[in-house]
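Bear in mind these aren't lab numbers, they're just calculated from the coordinates by the rules spelled out. All values reported here derive from a predicted model rather than from experimental measurement. In this analysis, Cβ positions are derived from the backbone assuming ideal geometry, glycine residues included, and neighbour counts consider all displayed protein chains.
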Amino acid sequence: ISSFSENLRLSDSFLFFYEDLFSVTEEANIGHIELSRDCDLVLVVPGTADLLSKMACGSANDLASTLLLATDKKILIAPSMNVNMWHNPATLRNVELLKSDGILFVGPEKGEMACGAYGLGRMSEPEDIISTAVELLRSGPLAGKTILVTSGPTIEYLDPIRFISNKSTGEQGRCIAESLSALGADVTFITGPTTLPFPLCRKKISVESGDQMFVAVKGNEPYDVAICVAAVSDWKATPISKEKIKKNKNESLSLKFSENEDILRYLSGSKKRPQLVIGFAAETDNLIDNAKKKLVEKGCDWIIANYVGLENGAMGSIENSISILKAGGIEEFHKRSKVEIGQILAQKITTEIT
Ligand code: CTP
């Protein structure tokens, strides 16, 4: 949880361990009934077959089952058990019963298990469990607002194994998506290939090419706000060679490219236009002049200008310096971490649309 604490403000939380149902000292501090109420969500990790069975028949013979029976809060279970145990009719019956009682589940997943077996029953990744919990607890000034964030680079294939791309790591888009989620927004995050984990947000979609990103953006409309952070390749090879391109010693290589759809421009002119459309201007020279031109040409409401040149450029760095351009003027933020830039933008968006 600590890696997400900055946005979720969990850094002040403390962990307590309780084991006994009728411990004299623990009962004196906090009774098991209070324990079941003094929280926003009860997370059951790992949800074993035994505990599921106890919950399904309302047992209360230890602290965990008593707490689960006594709580008036939402319960989220991450089942974790051997594949045969998961598929056992008794377990499946218990799961159905618990679901009809309003108990929520994340997973299980298919995969390798601690016992060496393979199949359904493997516990979901901790990040996915936390992500689901965060979604269940989501509240804040942006609750109910649907926000698109495009992020990362795109790759455009030349042949089955070669492609062109760019240096974008996707870090800035990821930070913006997490900050918006932390303020309660319903974020759809569409990313090109990166090595980063997904941000904590409701919908995460991976694509490779600009065409795929465009299809994903259209497929999830409408949005209240759209932020195009992705470094979408301007060009795609047309056609993509079906076979590996062979070298020809006597000739230089010529490839044909055609333009990719401009997603930001599409969103700005869309019939379902978001209330607020924000683009980025990745520039190596004449930063503000080029960004001003983009604000007009793309028809968006704000352009975030950032320098991406070789020396101290934003791509690949943990820091960023941005200028926010709007019809009303320019605001600058120098040398902040990308996390901070995400938070600043999320706050500004909140002020604008709420
Ligand atoms: N953008 C987009 N779809 C594209 C190209 C760009 O949505 N096919 C968006 C980017 O996400 C960014 C903005 O347009 O928000 C500007 O992208 P940038 O790469 O800075 O400029 P380009 O529009 O590609 O123009 P140029 O390469 O000539 O600077």
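Just check the range 83-193 against the gyration tensor rule for me: Cα atoms, a ≥ b ≥ c as the square roots of the eigenvalues, rounded for a/c under 1.5, and otherwise prolate or oblate depending on whether a/b exceeds b/c. Write out the running numbers ahead of the final one.
Working: a/c = 3.24, a/b = 1.39, b/c = 2.33.
In terms of gyration-tensor shape, oblate.
Charge dipole of the chain (Cα centre as origin; +1 on each Lys and Arg Cβ, -1 on each Asp and Glu Cβ, all else neutral): 1480 debye, rounded to the nearest 20. The distance from the alpha carbon centre of the range 254-292 to that of the range 202-234 is 13 Å, rounded to a whole number.
Using only the C-alpha atoms, the convex hull of the range 179-262 corresponds to 128 Å³ per residue.
Between ALA60 and LEU120, residue separation times 0.36 nm minus the direct Cα-Cα distance comes to 18.8 nm. By the beta-carbon count within 10 Å of each Cβ, the least crowded to most crowded order of THR48, THR188, fewest first, is THR48, THR188.
Dipole orientation for the chain: of the candidates LEU92, ALA64, GLY309, GLY309 has the Cα lying most toward the positive pole (charges on Cβ; Lys, Arg +1; Asp, Glu -1). Hey, if you drop one equal point scatterer on each alpha-carbon of the range 106-169 and run the Debye formula without solvent, what base-10 log of I(q)/I(0) do you get at q = 0.16, 0.22, 0.25 Å⁻¹? For the range 106-169 at q = 0.16, 0.22, 0.25 Å⁻¹, log10 I(q)/I(0) is -0.88, -0.88, -0.98. Simple rule: put +1 on each Lys or Arg Cβ and -1 on each Asp or Glu Cβ in the chain, find the dipole, and look at GLY170, THR154, LEU276; the Cα lying farthest toward the positive end is THR154.
To the nearest 20 Debye, how big is the dipole of the range 250-348 about its Cα centre, given +1 on the beta carbon of each Lys and Arg and -1 on that of each Asp and Glu?
Details: 14 positive and 14 negative charges, 115 e Å.
Computed about the Cα centre, the dipole is about 560 debye.
Restricting to DSSP H runs of at least four residues, report the calculated mean residue ellipticity at 222 nm for the chain, -39500 (n - 2.57) per run over all residues, nearest 500 deg cm²/dmol.
Working: 13 runs with 118 residues, N = 354.
After summing the helix terms and dividing by residue count, I get -9500 deg cm²/dmol.
Please label the shape of the range 141-296 as rounded, prolate or oblate, based on the square roots a ≥ b ≥ c of the eigenvalues of the alpha-carbon gyration tensor (a/c under 1.5 means rounded; beyond that, a/b larger than b/c means prolate, else oblate). Taking the square roots of the gyration eigenvalues as a ≥ b ≥ c, the range 141-296 is prolate.
Here are some pairs, LYS73/LYS348; LYS244/LYS294; LYS236/LYS294; LYS99/LYS272; which of them have Cα atoms lying more than 25 Å apart in this structure? Don't jump to the answer; show the numbers that get you there.
Values: LYS73/LYS348 33 Å; LYS244/LYS294 37 Å; LYS236/LYS294 21 Å; LYS99/LYS272 36 Å.
Exceeds cut-off: LYS73/LYS348; LYS244/LYS294; LYS99/LYS272.
Positive end of the dipole of the range 104-145 (Cβ unit charges, origin at the Cα centre): among GLY111, LEU142, MET123, the Cα lying farthest that way belongs to LEU142. Taking every Cα-Cα distance in the range 248-330 and sorting them into 10 Å bins starting at zero, the pair-distance distribution P(r) comes out as 16, 36, 28, 13, 6, 1 percent.
May I ask you to derive the relative contact order of the range 131-239, considering only C-alpha pairs under 8 Å and at least 6 residues apart, and to give it as an integer percent?
On the way: 234 pairs, mean separation 41.4, N = 109.
Normalised by residue count, the contact order of the range 131-239 is 38 percent.
From the Cα gyration tensor of the chain, with a ≥ b ≥ c the square roots of its eigenvalues, which class applies: rounded if a/c is under 1.5, or else prolate if a/b is larger than b/c, or else oblate? Prolate, since a/c reaches 1.5 and a/b exceeds b/c.
Can you compute the FRET efficiency between ASP211 and SER100 using 1/(1 + (r/R0)^6), with r the Cβ-Cβ distance and R0 = 51 Å? Round to the nearest 0.05.
So the FRET efficiency works out to roughly 0.75.
Quick one: divide the alpha-carbon radius of gyration of the range 39-147 by 2.2 N^0.38 Å and tell me what you get.
Numbers: Rg = 14.9 Å, N = 109, 2.2 N^0.38 = 13.1 Å.
Cα-based Rg divided by the globular estimate yields 1.14.
Residues VAL45, VAL308 in ascending order of nearby Cβ atoms (within 10 Å, fewest first): VAL45, VAL308.
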